[in-house]
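Notes follow the structure.
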Amino acid sequence: MLVLGIETSCDDTGLALVDDTGLIASVMASQVPVHALFGGVVPELASREHARLIGPLLDKLLADSGKKLQDIDRIAVTRGPGLLGSLLVGVAFAKTLALAADIPLIGINHLHAHLLVAGLENPLEFPALGILVSGGHTHLIKMNSPLDMQVLGKTLDDAAGEACDKFGKMLGLPYPGGMYLDKLGQLGTADPKLFPRPYAKNDNLDFSFSGMKTAAALWLEQNPEARLPMLGLGEKYTDEFFACADSKAKNGAASYLYAVADTLVIKAKRAAQTFRPRCVVVAGGVAANSFVRRQTAEFARDLGVPIYIPKNAFCSDNGIMAAYAGYLLAKMGLCHGNNLTAIARGKPIPNDYKVLSV
Ligand code: KG4
Ligand code: ZN
């Protein structure tokens, strides 16, 4: 079963091929340089870039893998949640291919795909506790199967990635700052008491990270030496740049990331009391964060279950996650018709699959 995955939910255009042996090939184009100029993703530019890049990327994927369109058994495409214009480019492209080559289509829930890709190398055991942390989402999910997932809690305002990007911006880092903040924090020592655990003193499973940026802004006002120097024209954020940063910046970043990761763990612990997870899955762009990886690994160890975190390269948006989620659903005999719709952020993604004999 060879599955083509197509991901265009935000600002990364990713395509991949997965079969029974695992990942065959993947291609990817990031739009970070386009949006960095504006300090965030510009939806109109994102969809135009997807439309420009997606055709040549498919040609490259087929050339790299030595496969032909006719070899593909299913086309899996991210249908939501995401930016509607971006999703529409991927869905229209997938539908066109499906129609032209007579290949069944499978619409993919982007959040499920982030979590499921953790099983690409070690199949997941269900039910699993999913901790999904990205730039737009922070969800705790009870994963009953590749199809059946139940949201236990989610952020009421900022996502964990947004909280990292905002502190990064305050320190003077470029968008998206999460990865740089991690580099800086790894050079510092965390003071667990420096930043609060927002929205922890309650008994629910939701998050609210917006309080973190207020705490960070106050701290920065009292510790202005933590602000990073501006880079000169053509200069890059090298290891040396971070090594030379003020220790206040390094320790501040470490403490902030420690608090973000600890907040996730506090609620994940609470979620693990509502059912007996057989493993923990951490996924999404922020799963690449070294503090999040370490602190959630400790949590899973205390819980006595394995933890699965995708490789760093599979954490942020990519085509592999769509391909692998599609592969799992195809194995369950599921697909969509050519009336598949893209679903914008904020709207529920229906489980409106058709059953197709495998
Ligand atoms: O999953 P993703 O690629 O895109 C979506 O939001 O769907 O996640 C992107 C987010 C950004 O906020 C980015 O700053 C954050 O993941 N991120 C990190 C790290 N790498 C990416 N945040 C903290 N530490 C990292 N190492
Ligand atoms: Zn994502």
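Computed values, structure above
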{"quantity": "Residue list for the stretch 237-279, filter: in contact with a Ser or Thr (Cβ under 9 Å, 6 or more places away or on another chain) and either within 16 Å of ligand 2 (Cβ to nearest atom) or free of Cβ contacts under 8 Å to residues at least 40 places away in the same chain (or both)", "calculated": "A261, V265"}
{"quantity": "Verdict on S134 being in contact (Cβ under 8 Å) with a residue 40 or more places away in the chain, away from ligand 1 (no atom under 16 Å from the Cβ) and of a type in the set (S, T, N, Q)", "calculated": "no"}
{"quantity": "Filter result for G188 (farther than 22 Å from A344 by Cβ, part of a helix (DSSP H, G or I) and away from ligand 2 (no atom under 16 Å from the Cβ))", "calculated": "no"}
{"quantity": "Set N122, N109: member being away from ligand 2 (no atom under 14 Å from the Cβ), within 22 Å of the chain's Cα centre (by Cα) and closer than 26 Å to T274 by Cα", "calculated": "N122"}
{"quantity": "Test: residue in the stretch 316-331 that is within 16 Å of ligand 2 (Cβ to nearest atom) and hydroxyl-bearing (S, T, Y)", "calculated": "yes"}
{"quantity": "Failed condition for L181, given (1) within 25 Å of G346 (Cα to Cα); (2) touching a Gly at 6+ places or on another chain (Cβ under 7 Å)", "calculated": "(1)"}
{"quantity": "Within the stretch 38-86, tally of residues that are under 18 Å from M28 (Cα atoms), in contact with a Gly (Cβ under 9 Å, 6 or more places away or on another chain) and surrounded by fewer than 17 Cβ atoms within 10 Å (Cβ to Cβ)", "calculated": "1"}
{"quantity": "Residue in the stretch 333-344 that is out of contact with any His (no Cβ under 9 Å at 6 or more places or on another chain), within 16 Å of ligand 2 (Cβ to nearest atom) and modelled with pLDDT under 90 present", "calculated": "yes"}
{"quantity": "Test: K236 is crowded, with 18+ Cβ neighbours inside 10 Å, charged (D, E, K, R) and under 24 Å from S316 (Cβ atoms)", "calculated": "no"}
{"quantity": "Candidates A268, A323 - the one that is in contact with a strand residue (DSSP E or B) (Cβ under 8 Å, 6 or more places away or on another chain), surrounded by 23 or more Cβ atoms within 10 Å (Cβ to Cβ) and within 14 Å of A113 (Cβ to Cβ)", "calculated": "A323"}
{"quantity": "Condition broken by I103, with the remaining ones in (1) within 16 Å of ligand 1 (Cβ to nearest atom); (2) in contact (Cβ under 8 Å) with a residue 24 or more places away in the chain satisfied", "calculated": "(1)"}
{"quantity": "Sole residue being within 16 Å of ligand 2 (Cβ to nearest atom) and in contact with a Cys (Cβ under 8 Å, 6 or more places away or on another chain), chosen from V282, V286", "calculated": "V286"}
{"quantity": "Yes/no for A313 being out of contact with any Leu (no Cβ under 9 Å at 6 or more places or on another chain), in a helix (DSSP H, G or I) and at pLDDT below 95", "calculated": "yes"}
{"quantity": "Output for the stretch 230-276, where each listed residue is among the basic types (K, R) and either at pLDDT 95 or above or assigned to a helix (DSSP H, G or I) (or both)", "calculated": "K248, K250, K267, K269, R270, R276"}
{"quantity": "Of residues in the stretch 123-177 being of a type in the set (G, A, S) and assigned to a strand (DSSP E or B), the one surrounded by the fewest Cβ atoms within 10 Å (Cβ to Cβ)", "calculated": "G153"}
{"quantity": "Per-region count, the stretch 209-229, residues part of a loop (DSSP other than H, G, I, E, B) and within 13 Å of A259 (Cα to Cα)", "calculated": "1"}
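The values are calculated or read from the model by the stated rules, or taken from the named source; none is laboratory data. Given the structure is predicted, the values throughout are model-derived calculations rather than measurements. In this analysis, Cβ positions are derived from the backbone assuming ideal geometry, glycine residues included, and neighbour counts consider all displayed protein chains.
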